[in-house]
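Here the structure comes first, spelled out in structure tokens, and everything after it is commentary.
The values are calculated or read from the model by the stated rules, or taken from the named source; none is laboratory data. Bear in mind the structure is a predicted one, so any value in this text is a computation, not a measurement. Virtual Cβ from ideal backbone geometry, glycine too; neighbours counted across all protein chains shown. The accessibility values were calculated without ligands, DNA or RNA, using every heavy atom of the protein model including side chains. Shrake-Rupley method; radii C 1.70, N 1.55, O 1.52, S 1.80 Å.
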Amino acid sequence: MQQEIAETQALTILAWLTGDEELLPLFMGATGTGEDDIRARADEPEFLASVLDFLLMDDQWVLKASEGTDIPAQNFQMIRAGLPGGAVPDWT
């Protein structure tokens, strides 16, 4: 997935996350991010990657975000791969 497309979809997911009263506090607690940080860093690809990293920790969170954004759950890993640090290492 091209980084520009991944960023756009990750921003959609972030917008959804900010409206989820259950997961947003968990994300902020896990990452040490405050509301001001979210606003200030929303356009940073590395920050968007942290949003995907967080959601990908739990399949139920991915399914919930997928339902809330109309982005297929199977695309979340591809979106993450399109952001900085998301390349799958080649160990061969």
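Observations, loosely collected:
- Look at the alpha carbon pairs under 8 Å that are at least 6 residues apart: their mean separation over the length of the chain gives a relative contact order of 42 percent.
- Which labelled figure in (1) 41, 26, 22; (2) 96, 40, 14; (3) 35, 25, 21 is Cα extents along the principal axes in Å, once derived from the coordinates: (1)
- The fraction of accessible area contributed by carbon and sulfur in segment 1-83 is 49 percent, rounded to a whole number (1.4 Å probe; ligands and nucleic acids excluded).
- Highest-MSF residue in the chain out of ASP20, ASP70, ASP36 [GNM, Cα springs under 10 Å]: ASP36
- Per residue, the chain exposes 60 Å² of accessible surface when a 1.4 Å probe is rolled over the protein heavy atoms with every protein chain present.
- For the chain, applying the loop criterion from DSSP together with a ceiling of 15 other beta carbons within 10 Å to the GluC sites (Glu not before Pro) yields GLU21, GLU22.
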